[in-house]
Amino acid sequence: MNKQCLSSFAAILIALLIIAPGIAGAAPKIGCTAPGYENVTVCQAKDILENKHVFLLDVRTPAEFNYSHIEGATLIPLKNVPKHDSVSLPDDQLLPNRLKELPENKNTKIVVYCLSGGRSAAASQMIADAGYKNVYNVQGGLKAWVNAGYPVVIDPVKWFASYPPN
């Protein structure tokens, strides 16, 4: 192979290495998409929530919810988390057995959050598997929401009783 062919081949190879990752990373939706639901930032979630036809779901424990939550949220805990709530709920009070409490219309936008985004991702997948088409998991959860400066509803008695944290 002569030098000119080798140079052309190298130029084409370099161009492909630069272009290919951009093509592979292109996605039609905003945020990272997982099967059945979409991960969104707190800023994107806030924009979605400005629409009046959105179901906001908090999947944390009752103690976490009572401490603070996003206004308008419906509490349906995903699971018991003894670290956050010493009260253990029976299975019939947890999300897997309460999916019937979600909106009837499977096209309703559902924004799901927890403390940091892990439980809400599992809940979002469960909800998408139940046939809901517009499910959004808030990445970073309530921690990211508060860090972004967005408002929460708090119980002042519980807030001040545990401040400063131990």
Item to check | Listed peptides 138-145, 64-71, 85-92 by packing density, highest first (mean Cβ within 10 Å) | outcome: 138-145, 64-71, 85-92
Next on the checklist: Applying a 10 Å radius around every beta-carbon, put 118-129, 37-48 in order of their mean neighbour count, most first.
Outcome noted: 118-129, 37-48
Checklist entry - Given the range 37-162, what count of lysine pairs have C-alpha atoms under 27 Å apart, with each pair 8 or more places apart or on different chains? => result 27
Checklist entry - With a ≥ b ≥ c the root eigenvalues of the C-alpha gyration tensor of the range 42-166, is it rounded (a/c under 1.5), prolate (a/b larger than b/c) or oblate? => result oblate
Checklist outcome for this item: Everything considered on the Cα gyration tensor (a ≥ b ≥ c; rounded for a/c under 1.5, else prolate if a/b is larger than b/c, else oblate), the range 72-120 must be described as oblate
Next on the checklist: Show me, for the range 105-111, the HN-Hα J-couplings you get by feeding each phi into the Karplus relation (A = 6.51, B = -1.76, C = 1.60, θ = phi - 60°), rounded to Hz, glycine and proline as x.
Outcome noted: 6, 6, 9, 4, 6, 10, 9
Next on the checklist: Please give the charge dipole size of the range 83-159, origin at the Cα centre, charges +1 on K and R Cβ atoms and -1 on D and E Cβ atoms. Round to the nearest 20 debye.
Outcome noted: 240
Checklist entry - Summing Lys, Arg as +1 and Asp, Glu as -1, what charge do residues with Cβ under 15 Å from the Cβ of SER86 carry, SER86 excluded? => result +2
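Just so you know, all these numbers are worked out from the coordinates, no wet-lab data involved. Note that the coordinates shown come from a computational prediction; the quantities given were computed from them, not determined experimentally. Neighbour counts run over all protein chains shown; Cβ positions are idealised from the backbone, glycine included.
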